[in-house]
Amino acid sequence: MKFVHTSDWQIGRTFRFADDDTLGALQAERVEVIRRLGQLARQEGAAHVLVAGDVYEHETPTEKTLHQPMERMRQFADVQWHLIPGNHDADTPEGVWARLLREEAVPENVTVHRQPGPVPLVGAEEAWLLPAVLQRRHVLSDLTAYMDEAPTPPDALRIGLAHGSVTGFGNGEEADHNPVAIDRARKAGLSYLALGDWHGFCQIDARTAYSGTPETDRFGAGGGGGGEALVVNLRGPRAEPEVTRHRTGRYVWKKFEDVTLTNAEDIHALEARVRGVAPDNPGAVLVWLVVSGLLTVDDMALYESTIIRRLSGAVACLRLSGAPQLSAGLDDLERFGPGGAVRTAAEVLLEQAQGGGEEGTVAADALQRLFLFWNEVGGQAA
């Protein structure tokens, strides 16, 4: 038996760092990836797709957001989709799942599992799904514990589906919320335990894995980094699962830490590193640069034109933390000419910048803007 394991779609997710155009594109791709999951199921001959929680980002999505994933799944009538609530879309009395069922918006090929207990998988010989169901955002008990004693026919394939943190997997409060025993698959005799909540692929043991989100949604997702789905092949209840990872995400998220720029070579090298992430499609790259350093007036102009303007136009999103500082002295003021209002202003700013402190920081930034503007207008007289 083959099936697709996915999780953490989080339809309706927002990204505060992104501009309106980028935000719209990222949100649209989180919906579009559902189509790629359906195509993957067809391509691999998988009759079922198991979604391990967090289909939605919020319990109260807009009307359009509510229906988008349902309508994408409806397009694949030959695939059975199995959904469970996650911590972002827990099955509360007035939550998203009650609303969907009230509006009769769930397609026939989609099953929302709202109760724990073994469920036969139609079309799969002796295969039973054991869902864990979150009815609150956070619980302290292990909702997969019932699987140990859940009855299924002898020699049946027992497939667990849950959303939470494996014991000892996570930090602080995160490790306490929605716990899942790390050895649940062994205790419950599961052929496979499909988990959600971790946004990057992570295989806990031969029978337990996090699929990660199918469309990457953060810098440094951990594990495999996201943007994948798993195809699981079960050849028998005691056979070890065959788990293969498949790329489903469009966007690549990359963070460059501690980027220090001191000269033109550093700037060109940085541009090459970023463009090298996806040479054939830089428009699918979101990059976060943590920048520092000290640049001359000419190199600062190069940084502005090469990184701030050209590179930001090439990638889907350029996020910057920090910035190189301007290294300027009296000799650099000569480009403003021997006198005039601009030269006088530049001298005052340079003196303030060299004085340091908060006022010096503001003055240095203003002086940098002045040099750049002067270069842009071609050194015309003030």
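Given the criterion of a type in the set (A, V, I, L, M, F, W, C), under 23 Å from residue 138 (Cβ atoms) and touching an Asp or Glu at 6+ places or on another chain (Cβ under 6 Å), identify the matching residue among 96, 112.
On inspection, the qualifying residue turns out to be 96.
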**Message:** Could you go through segment 272-280 and let me know if any residue there is in contact with a Pro (Cβ under 8 Å, 6 or more places away or on another chain) and farther than 28 Å from residue 200 by Cβ.
**Reply:** no
**Asked** residue 49 passes all but one of (1) open to solvent by less than 10 Å² (accessible area, probe 1.4 Å); (2) assigned to a helix (DSSP H, G or I); (3) under 22 Å from residue 242 (Cβ atoms); which number fails?
**Response** (2)
**Item:** Filtered residues of segment 322-338 (kept if at pLDDT 65 or above and open to solvent by 40 Å² or more (accessible area, probe 1.4 Å))
**Value:** 322, 323, 325, 327, 335, 338
**Request:** With the condition kept exactly as written, say whether any residue in segment 91-112 is more than 16 Å from residue 70 (Cα to Cα), of a type outside the set (Gly, Ala, Ser) and in contact with a Leu (Cβ under 6 Å, 6 or more places away or on another chain).
**Result:** no
**Prompt:** If you take the residues of segment 53-81 that are of a type in the set (Ser, Thr, Tyr) and open to solvent by 70 Å² or more (accessible area, probe 1.4 Å), which of them is farthest from residue 127 (Cα to Cα)?
**Reply:** 62
**Asked** Would you say residue 301 is surrounded by 14 or more Cβ atoms within 10 Å (Cβ to Cβ), within 17 Å of residue 318 (Cβ to Cβ) and of a type outside the set (Asp, Glu)?
**Response** no
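Each row is one residue, and each column tells you yes or no for (1) without any contact (Cβ under 8 Å) to a residue 12 or more places away in the chain; (2) under 25 Å from the mean Cα position of the chain (by Cα); (3) part of a strand (DSSP E or B).
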{"position": "290", "(1), (2), (3)": "no, yes, yes"}
{"position": "293", "(1), (2), (3)": "no, no, yes"}
{"position": "299", "(1), (2), (3)": "no, no, no"}
{"position": "302", "(1), (2), (3)": "no, no, no"}
{"position": "305", "(1), (2), (3)": "yes, no, no"}
{"position": "312", "(1), (2), (3)": "yes, yes, no"}
{"position": "318", "(1), (2), (3)": "no, yes, yes"}
{"position": "321", "(1), (2), (3)": "no, yes, yes"}
**Request:** Identify the single condition in (1) open to solvent by 40 Å² or more (accessible area, probe 1.4 Å); (2) under 22 Å from the mean Cα position of the chain (by Cα); (3) more than 30 Å from residue 37 (Cα to Cα) that residue 247 does not satisfy, given that it satisfies every other one.
**Result:** (3)
**Request:** For residues that are under 20 Å from residue 59 (Cα atoms) and hydrophobic (A, V, I, L, M, F, W, C), tally how many sit in segment 12-22.
**Result:** 1
**Item:** Given (1) modelled with pLDDT of 75 or more; (2) touching a strand residue (DSSP E or B) at 6+ places or on another chain (Cβ under 7 Å), index of the condition residue 367 fails
**Value:** (1)
**Item:** Any chance residue 207 is open to solvent by 20 Å² or more (accessible area, probe 1.4 Å), more than 13 Å from the chain's Cα centre (by Cα) and at pLDDT 95 or above
**Value:** yes
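Given the criterion in a loop (DSSP other than H, G, I, E, B), on the phi < 0 side of the Ramachandran plot and touching a Pro at 6+ places or on another chain (Cβ under 9 Å), identify the matching residue among 218, 250, 235. Steps first, please.
Working: 218 fails: touching a Pro at 6+ places or on another chain (Cβ under 9 Å); 250 fails: touching a Pro at 6+ places or on another chain (Cβ under 9 Å).
Exactly one of 218, 250, 235 is in a loop (DSSP other than H, G, I, E, B), on the phi < 0 side of the Ramachandran plot and touching a Pro at 6+ places or on another chain (Cβ under 9 Å), namely 235.
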**Complete:** Given the conditions (1) closer than 24 Å to residue 320 by Cβ; (2) among the small types (Gly, Ala, Ser); (3) without any contact (Cβ under 8 Å) to a residue 24 or more places away in the chain, every one holds for residue 28 apart from (1)
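Please count how many residues of segment 118-127 are open to solvent by less than 10 Å² (accessible area, probe 1.4 Å) and either part of a loop (DSSP other than H, G, I, E, B) or without any contact (Cβ under 8 Å) to a residue 12 or more places away in the chain (or both). I'd like the intermediate steps shown before the answer.
From segment 118-127, those open to solvent by less than 10 Å² (accessible area, probe 1.4 Å) are 121, 127; that's our starting set.
When the remaining residues are screened for being either part of a loop (DSSP other than H, G, I, E, B) or without any contact (Cβ under 8 Å) to a residue 12 or more places away in the chain (or both), the result is 121.
Counting residues in segment 118-127 that are open to solvent by less than 10 Å² (accessible area, probe 1.4 Å) and either part of a loop (DSSP other than H, G, I, E, B) or without any contact (Cβ under 8 Å) to a residue 12 or more places away in the chain (or both) gives 1.
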**Fill in**
Within segment 1-34, restricting to residues that are touching a Phe, Trp or Tyr at 6+ places or on another chain (Cβ under 9 Å) and over 23 Å from residue 163 (Cβ atoms), the one that is most open to solvent (accessible area, probe 1.4 Å) is 17
**Count - residues of segment 253-288 that are surrounded by fewer than 17 Cβ atoms within 10 Å (Cβ to Cβ), assigned to a strand (DSSP E or B) and of a type outside the set (Lys, Arg)** = 4
**Members of segment 84-117 found to be part of a loop (DSSP other than H, G, I, E, B) and touching a residue at least 40 places away in the same chain (Cβ under 8 Å), listed by number** = 84, 85, 86, 87, 88, 90, 91, 92, 113
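Collect the residues in segment 43-75 that are free of Cβ contacts under 8 Å to residues at least 40 places away in the same chain and more than 22 Å from the chain's Cα centre (by Cα), keeping them in residue-number order. Quick ask: steps written out before the conclusion?
Looking only at segment 43-75, we keep the residues that are free of Cβ contacts under 8 Å to residues at least 40 places away in the same chain, and these are 43, 59-60, 63-64, 66-67, 71, 73-74.
Hits for segment 43-75 are 43, 63, 71, 74.
The values are calculated or read from the model by the stated rules, or taken from the named source; none is laboratory data. Please read these numbers as outputs of a predicted model, since none were measured by experiment. Cβ: placed from backbone, ideal geometry, glycine included. Neighbour counts: every protein chain shown. We work out accessible area using only protein heavy atoms, side chains counted, and drop any ligands, DNA or RNA first. Shrake-Rupley method; radii C 1.70, N 1.55, O 1.52, S 1.80 Å.
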